[in-house]
Amino acid sequence: MHMNRDARRSANLSTAMAPAGWEIMSFDYNTGWDFTIGSHRREFLQLLDATCPEFVWMAPPCTIWSNLQNLTPMTPQRQLALQADRDYEENTHLKMCKRAYQKQQRERRHAGFEQS
């Protein structure tokens with residue numbers, strides 16, 4: 001199972017793993033998944049339970065944590081907005097990724113993260 005949220009990038013890992021015999025499932029905007037939607041996060045975790053994949057690769061978005069954020073001077077209002085965006089992402093998508101990773105580890109399967 002493969003998870004790649006960023007729809008602007010190609011799923012290079014999936015492309016490389018499929019010829020090696022891995023069954024690939026991609027979860028991104030291109031395949032109809034949006035992890036800002038609670039039902040999508042729940043459905044993904046349920047699918048993880050049902051399929052018990054050997055490996056899960058996750059690439060959560062990092063735009064709001066990028067060092068490039070520091071290149072632009074920010075007003076206090078923009079700093080508050082950025083923190084609110086970070087809090088939201090942490091409590092939605094990143095929490096789901098953490099749960100998926102911990103589940104894989106508990107069940108002696110594998111997971112990895114990419115910082116895009």
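Is it the case that residue 24 is farther than 23 Å from residue 103 by Cβ and either modelled with pLDDT under 90 or not in a helix (DSSP H, G or I) (or both)? Here the answer is no, as residue 24 does not meet what is asked.
Annotation note: of 93, 40, the sole residue that is in contact (Cβ under 8 Å) with a residue 24 or more places away in the chain, part of a helix (DSSP H, G or I) and surrounded by 14 or more Cβ atoms within 10 Å (Cβ to Cβ) is 93. Counting the residues of the stretch 63-90 that are among the hydrophobic types (A, V, I, L, M, F, W, C), part of a helix (DSSP H, G or I) and farther than 26 Å from residue 38 by Cα gives 2.
The values are calculated or read from the model by the stated rules, or taken from the named source; none is laboratory data. Keep in mind that what you see is a predicted model, and the values were worked out from it rather than measured. A quick note on method: Cβ atoms are made from the backbone with ideal geometry, for glycine too, and the neighbour counts reach across all protein chains shown.
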